[in-house]
Structures are given as C-alpha cells and as structure tokens.
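Engineer: Here you go, one structure.
The values are calculated or read from the model by the stated rules, or taken from the named source; none is laboratory data. Quick caveat, the model's predicted, so the values are computed rather than measured. Cβ atoms come from the backbone with ideal geometry, glycine included; neighbour counts cover every protein chain shown. Note: areas computed on protein heavy atoms with side chains; ligands, DNA, RNA excluded. Shrake-Rupley method; radii C 1.70, N 1.55, O 1.52, S 1.80 Å.
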Amino acid sequence: MDIFEQKRRIISIAIVAVVLTGIIIAAAVSSPLINQIHSEAAKSASQIADAKSNNIRTLFSQYQNLANQTASRSELASALAEYARGTMSAHALRQISTPRLADATAEIAPLAALVRFDVAGNELIRIGADSDALPTDLVLPHEGDIANYPFDRAQLSVPLLQAIAPITHQGYLVGHDLLLFHLTAFEHTLSTGSGSQVCLFDDTYDRLLTRLPNGGLELTSQNSCRSELTNMSQVTDTGFFRTTLADGSRVLGFHRSIDGYPWNLFMHAKITSVFGNVIEDVGITIVLILLLSALAGFLVWKSLNPIVHALVAQASRIARSSEELRLAQQVFAHTHEAIVICDTDLGIVRANPAFSDITGMLPKSMDNLSILKFIKTEQGDSFSVDSIRRHLMAENAWQGEVWLKVQPDASTPTLLTVSPVKNQSGLNHQFILTFSDISARVQAEKQMFRLAHFDKLTGLPNRTALENHLEQAIQQARRQHHHFAVMFLDLDKFKPVNDTYGHQAGDGLLQHVARRLKHCVRSDDVVGRRGGDEFLVITGPLERDEHVEAIAGKIISVLNEPFDIQGHRVSIGASVGIALYPDNGQVAEELLEAADKAMYSVKSSGRNHFALA
C-alpha cells in the first residue's frame, strides 16, 4: 500500500469516525431536545385552556355579583316588603322601583333584561333592552344557568345567562331578581384558531354551548365537540390527553371544570397545530448535525439549549409581568385612595374610580385638565409644577398636606404623595399622585388645639392662649409704636351666687358673663378667662390712653345689669384693674402684675369700679 492509499484510508477512517461520532451525538442530543420542546408546547396549550376556563368562571361570578347588587338595594327591598304585606299596590311598587332599577342597570352593557318576581314567583317588573322581546310568561328558574330563550322579533331562540338573586328585607325573603345576559363576552373565550375547537357542556352532558362559524353562540344537545373523540389516553400531569378524531386526526384534548358552576370546558387542538413544524425542524437539525460531524452537532446542541432556556425564561418573565400589571390594575381600580397619573406638566392622564367618586367628575371630562384645578393648599404658590420638579430632583418623592376639592364646592384634607415614573433615559416621564384622606386626623388636631387653648365652660381663650396673644400684642406694639391695655377683671358677689344656688348656677352665670363681655368690647379686643371668676381683656391699639377708661366703664355697666339664672334674678359687679403698655410694663409679667395690683386696689376701695396701675 503506497503512501497515497494510506493517506486516503486514514482520511476515510477519520471521516467515518467523525460521521459516526456525529450520529452518536445527534442521537444523544435530539431525543431530550424533542421531548423538551414537546413538553413546553403542550404546557403552553394547557395554560390557554386554564386561562379560558378561568375567564368563563370569572364571567359567571361577575354576572352573579351584578344580580346580587341589584337585589341588595335596601329601599327597593323595603318597597317590595310593603307590597308583600299588602300596604303598597303593584302600580306604586313599579313607579318606585322601575326608574331606580333602570338607573342601576344602565351601564351593564350585556344585560338583556331584568325581571323582578315577588316571593310567590309572580312577575312584577321587567326592564332592559330586550325585555319586550322575551316571552310574557317567564317562569322564575331554580338556579343560575345558561338557557335558550325565544325572541319574538328574531323568531328564534337565543342563549342567555340567567343569574338569580334573592331579595330579603329584615331577614325575610320578599322576592327574586332574574338577570338575563347576552353571551357576547363568551364569544372571545370560545373562539380559537384553525385546527382547534372549544365548547362548554353541562355536568349532565345534555347541553352544549359552541361558537358558530359566522359568529354568535349556539346552545344545543351534545355534538361532535366531544362525541367524535376516540381512543382517549390517560390525562397527563399538565391536564391534557392525546386522542383521535373520527377522521383520524390526532389531537390534544383539554377538559376543565368550571368550579362552582355546573359547566365544563372542553378544548381540543390538532397536534400539528400545537407542535407546528417542530418535528420537521428537529429532523433537519439532526441531518445538519450528521453532516457537520461531532463538532457541528456539539455546537448546535450548545446553541439550541440556551435558546430553549431563554424562551422559557422569557415566557416566565412575560407571565410575571402580566400578573404584576393585572394586580396593579386591580389596585388602581379598586383602592379607596384617589390615584391620578399626570404628565410632567401635571396634566391628568388617567384617574382611578375613587378619584372620580370623590371629585364627582367623569373620567372623560378630566382629559387635558390640570390636577392643580382640584387642589387647594395653604402654602400659596409652593405647590406648582416647578416646585415639584425641583423637589423630585433632590429626592425621589414629594409629600405634603393639601385640600382636595370635592363636590359641591367643598374640599377635604388629604396627604398627597407624588412619585415619579422615569423613562429609559432616567428622566421623569409621568407623575403618580396618591391622595390619602386625613380629615379625621385634622379634625382631631383641631379638637386638641381647642381643648389646649380655649376654656371648656365659656369657650373663651384660656390662660395659655391669653399669654400667647399678650406676647404677640407686645411684639406688634413694639414694632408699630402704639399703646394697648391689659384689664384684669374679677367678678364681685360671685361667691354668694355659687353658695346660694349651687355650682351649676355659678357655671351658668360665668357663661352669661362671657357672652356679655364678648359683645361689649371692640372687634380687635380679646376677652379670655384665666380661671374661676377672673377674666382678662387685652385691647387692640389705643389712639389715646384715656379710651381704655371708656372700655372699662362699659364692661362694668354691662355686668351690673341683672342676670336671669335658673329663674332667679341675680346682680353682680366687677372690679377691673388696668395696665397700659408701655407705661406700666414692657413684658407680659410686668403688665399682668400691674393690672392685678390695680384690680385689688379696687377690691379694697369699694369694688365695682376700675383703677389704672
């Protein structure tokens, strides 16, 4: 054997070895790859069946909830109870109930009719777009279901979903509501692509709901949706089974019970439509692996494996994202807190139902409106687009107390939180505004402030509030170079009233005194109670110091007039000590001490008069 023949043999053996290696690798790689792709495709189809059954169950529940809502209206239940007792005529009952039921069901798009029955099953009220087309002798069904109803104007039977809700009043059954819904919402769920079919059948296998080829739904007896299936294999862990149609087509079947309702969903799809050209593509891949030998097979395996994993990971991320979006939408739509999405100029992009309910405006009427239209603040212009932008550049949120305007021409205190939504460039794209009701807290703070600064018996400013006001009056007089007076007032003959008629009469006398004092002083004078029968008057600016004597004289004259206390005519007096700022003191302690001494000088010299410090 020459060198060239040896070289050819070595090359041939090497080629055969490479091809055999490729065959071994192809066999090892292709089997798990095919199984994995088949499994993922079957799971995807099974998830579609799960989603359709969940959608149908949700539709059943939504329509039943709508029936429960119409039956739960207490004023209509009360009227029906009066009719049942014979205290209201059927005509009066219809006049009360018909407009209210029509208003309650106006926004229920798929509603064909609402029929209200009395407790004996007699029809009383009928409303709805198709109420006149239905038979006049409707009988109250025993339970919620899907049934055919003849339509006069269509001359055919139409499948409707019937939801029944009992009407109770004070624990007693007084009637039932029957709501009939068109099944338009079911059409999308029961629609499929070519090569597959979806149907609903009841637990007894007597009735079948399918989608017609040209649109619409039909409720019939059992047909080829399930009866054509033969040689059904055992159901797998993913909820599907392999079977064969009467024409020999191999299909995957999916059976799902509609939990809580006597219906089942059945879906079958041809295996070719589920797996597509997966088998053919894998076969081509195997041929390529054989041609490219072991190295090519290994590279293909290394290439396909991450692709499959990436597709599965991407599907999982999409599913998680969809669930997160669904949850976010549920929170946005059903939370009791008002939430508004605005653009960067605070123009309303979208508002949740809670905001619409609070403001009384429909969502469509808010388009292109600024959120500033609904906000009042005690901070002047501090709440603005520019101020929020500056704050959000430093921090990732803005929070403050604002007043949210509500209907009609009123407002409520809220805690507003502004959070930015950034785009891919990291710039603010939108703002999310959340309004939390703090009216209870604000009311409590007002109540605490009043308890801390006002006398509980007379409603006048108490000792703390008077001291604060006196400090403010001194600062103002010091800046503006004017005079004012502090008058210390002590009631004369108060103790005998208290001892003779009791503390309740004494409290009533103090309340009368407080009212007279408030009405006899000037608008810028402040009257307060220091405690017991002692009162304090802080005047506003005095043009002349002598004017304070007229104010004091008027106070004494007013208090000298008799009081009617618990049927008794009571007469008292008042001793008033006056201190002038800045003549008798330039700080609060000096003015109070001077006025107190002047008052005691009046007490010691005959009472019921006034004296200057």
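Engineer: In the range 557-605, how many are part of a loop (DSSP other than H, G, I, E, B), open to solvent by less than 60 Å² (accessible area, probe 1.4 Å) and either more than 27 Å from residue 505 (Cα to Cα) or of a type outside the set (A, V, I, L, M, F, W, C) (or both)? Talk me through it step by step, then tell me what you get.
Structural biologist: First pass over the range 557-605, keeping only residues part of a loop (DSSP other than H, G, I, E, B): 561-562, 566-567, 571-572, 582-587, 605.
Filter once more, so that each one left must be open to solvent by less than 60 Å² (accessible area, probe 1.4 Å): 562, 572, 582, 584-585.
Keeping just the survivors that are either more than 27 Å from residue 505 (Cα to Cα) or of a type outside the set (A, V, I, L, M, F, W, C) (or both) gives 562, 582, 584-585.
Residues in the range 557-605 being part of a loop (DSSP other than H, G, I, E, B), open to solvent by less than 60 Å² (accessible area, probe 1.4 Å) and either more than 27 Å from residue 505 (Cα to Cα) or of a type outside the set (A, V, I, L, M, F, W, C) (or both): 4 in total.
Engineer: Another question, then. Looking at the range 43-65, can you tell me whether even one residue there is surrounded by 15 or more Cβ atoms within 10 Å (Cβ to Cβ), charged (D, E, K, R), touching a helix residue (DSSP H, G or I) at 6+ places or on another chain (Cβ under 8 Å) and not in a helix (DSSP H, G or I)?
Structural biologist: No: the range 43-65 contains no residue that is surrounded by 15 or more Cβ atoms within 10 Å (Cβ to Cβ), charged (D, E, K, R), touching a helix residue (DSSP H, G or I) at 6+ places or on another chain (Cβ under 8 Å) and not in a helix (DSSP H, G or I).
Engineer: Related question: How many of the residues making up the range 80-103 are within 20 Å of residue 131 (Cβ to Cβ), open to solvent by less than 70 Å² (accessible area, probe 1.4 Å) and out of contact with any strand residue (DSSP E or B) (no Cβ under 9 Å at 6 or more places or on another chain)?
Structural biologist: Summing the residues that are within 20 Å of residue 131 (Cβ to Cβ), open to solvent by less than 70 Å² (accessible area, probe 1.4 Å) and out of contact with any strand residue (DSSP E or B) (no Cβ under 9 Å at 6 or more places or on another chain) in the range 80-103 gives 1.
Engineer: Please return the ranges of strands (runs of 3 or more DSSP E) entirely within the range 139-192 where 1 or more residues are surrounded by fewer than 18 Cβ atoms within 10 Å (Cβ to Cβ) and either under 32 Å from the mean Cα position of the chain (by Cα) or not assigned by the TED database to the domain that holds residue 125 (or both).
Structural biologist: Working: elements: 145-151, 156-169, 172-182.
Because the criterion is at least 1 residues that are surrounded by fewer than 18 Cβ atoms within 10 Å (Cβ to Cβ) and either under 32 Å from the mean Cα position of the chain (by Cα) or not assigned by the TED database to the domain that holds residue 125 (or both), the strands (runs of 3 or more DSSP E) in the range 139-192 that meet it are 145-151, 156-169.
Engineer: Next question. Are any residues in the range 339-358 open to solvent by 30 Å² or more (accessible area, probe 1.4 Å), part of a helix (DSSP H, G or I) and either closer than 12 Å to residue 371 by Cβ or not β-branched (Val, Ile, Thr) (or both), and if so, which ones? Full working, then the answer.
Structural biologist: Looking only at the range 339-358, we keep the residues that are open to solvent by 30 Å² or more (accessible area, probe 1.4 Å), and these are 341, 343-345, 349-350, 353, 357-358.
Checking the rest, the ones that are also part of a helix (DSSP H, G or I) come to 353, 357-358.
Matches in the range 339-358: 353, 357.
Engineer: Specify which of the listed residues (494, 484) is at pLDDT 95 or above and either touching a helix residue (DSSP H, G or I) at 6+ places or on another chain (Cβ under 7 Å) or not polar (S, T, N, Q) (or both).
Structural biologist: Details: 494 fails: at pLDDT 95 or above.
Result of the check over 494, 484: 484.
Engineer: Identify the residue in the range 359-386 that is surrounded by 14 or more Cβ atoms within 10 Å (Cβ to Cβ) and over 24 Å from the mean Cα position of the chain (by Cα) and, among all such residues, is modelled with the lowest pLDDT. Steps first, answer last, please.
Structural biologist: Step one: of the range 359-386, the residues surrounded by 14 or more Cβ atoms within 10 Å (Cβ to Cβ) are 359, 361, 366, 369-372, 374-375, 377, 383-385.
Checking the rest, the ones that are also over 24 Å from the mean Cα position of the chain (by Cα) come to 383-385.
Details: 383: 61, 384: 67, 385: 70.
Only one residue tops the list, namely 383.
Engineer: Which residue out of 414, 458 is touching a Lys or Arg at 6+ places or on another chain (Cβ under 6 Å), in contact (Cβ under 8 Å) with a residue 40 or more places away in the chain and of a type outside the set (Lys, Arg)?
Structural biologist: Details: 414 fails: touching a Lys or Arg at 6+ places or on another chain (Cβ under 6 Å).
Criteria check complete, one pass: 458.
Engineer: Suppose we keep only residues that are part of a strand (DSSP E or B) and open to solvent by less than 60 Å² (accessible area, probe 1.4 Å) within the range 256-268. Which one would you say is modelled with the lowest pLDDT?
Structural biologist: Our first condition is that a residue be part of a strand (DSSP E or B); within the range 256-268, this holds for 256-257, 263-268.
Checking the rest, the ones that are also open to solvent by less than 60 Å² (accessible area, probe 1.4 Å) come to 256, 263-268.
Details: 256: 85, 263: 85, 264: 86, 265: 84, 266: 83, 267: 83, 268: 79.
Top of the filtered list is 268.
Engineer: I've got another one for you. Please identify the pairs in which a residue from the range 419-435 that is open to solvent by 60 Å² or more (accessible area, probe 1.4 Å) has its Cβ atom under 6 Å from the Cβ atom of a residue that is not in a strand (DSSP E or B), counting only partners at least 6 apart or on another chain.
Structural biologist: That search, which allows pairs on different chains as well, returns 429/423.
Engineer: Next question. Condition check: more than 40 Å from the chain's Cα centre (by Cα), surrounded by 14 or more Cβ atoms within 10 Å (Cβ to Cβ) and modelled with pLDDT of 90 or more. Does residue 471 satisfy that?
Structural biologist: Details: more than 40 Å from the chain's Cα centre (by Cα): yes; surrounded by 14 or more Cβ atoms within 10 Å (Cβ to Cβ): no; modelled with pLDDT of 90 or more: yes.
Criteria not met by residue 471.
Engineer: Shifting gears a bit: Tally the residues that are assigned to a strand (DSSP E or B) and among the small types (Gly, Ala, Ser), restricting the search to the range 431-471. Spell out how you get there, then give the answer.
Structural biologist: Let us first name the residues in the range 431-471 that are assigned to a strand (DSSP E or B), namely 431-437, 454, 461.
Pick out the ones that are also among the small types (Gly, Ala, Ser) and you get 436.
Result for the range 431-471: 1.
Engineer: Then there is this: Scan 75, 107, 82 and give me the residue that is assigned by the TED database to the domain that holds residue 176, assigned to a loop (DSSP other than H, G, I, E, B) and of a type outside the set (A, V, I, L, M, F, W, C). So that I can check it myself, show each step before the final result.
Structural biologist: Values: 75 fails: assigned to a loop (DSSP other than H, G, I, E, B); 82 fails: assigned to a loop (DSSP other than H, G, I, E, B).
Exactly one of 75, 107, 82 is assigned by the TED database to the domain that holds residue 176, assigned to a loop (DSSP other than H, G, I, E, B) and of a type outside the set (A, V, I, L, M, F, W, C), namely 107.
Engineer: In the range 594-605, is there at least one residue being over 18 Å from residue 540 (Cβ atoms), within 60 Å of the chain's Cα centre (by Cα) and not aliphatic (A, V, I, L, M)?
Structural biologist: Yes; the residues of the range 594-605 include at least one that is over 18 Å from residue 540 (Cβ atoms), within 60 Å of the chain's Cα centre (by Cα) and not aliphatic (A, V, I, L, M).
Engineer: Quick test of your reading of the structure: residue 33 fulfils all but one of (1) part of a helix (DSSP H, G or I); (2) at pLDDT below 90; (3) touching a helix residue (DSSP H, G or I) at 6+ places or on another chain (Cβ under 8 Å); (4) within 29 Å of residue 265 (Cα to Cα). Name the failing condition by number.
Structural biologist: (4)
Engineer: Next question. In the range 75-86, how many residues are touching a residue at least 40 places away in the same chain (Cβ under 8 Å) and among the small types (Gly, Ala, Ser)?
Structural biologist: 4
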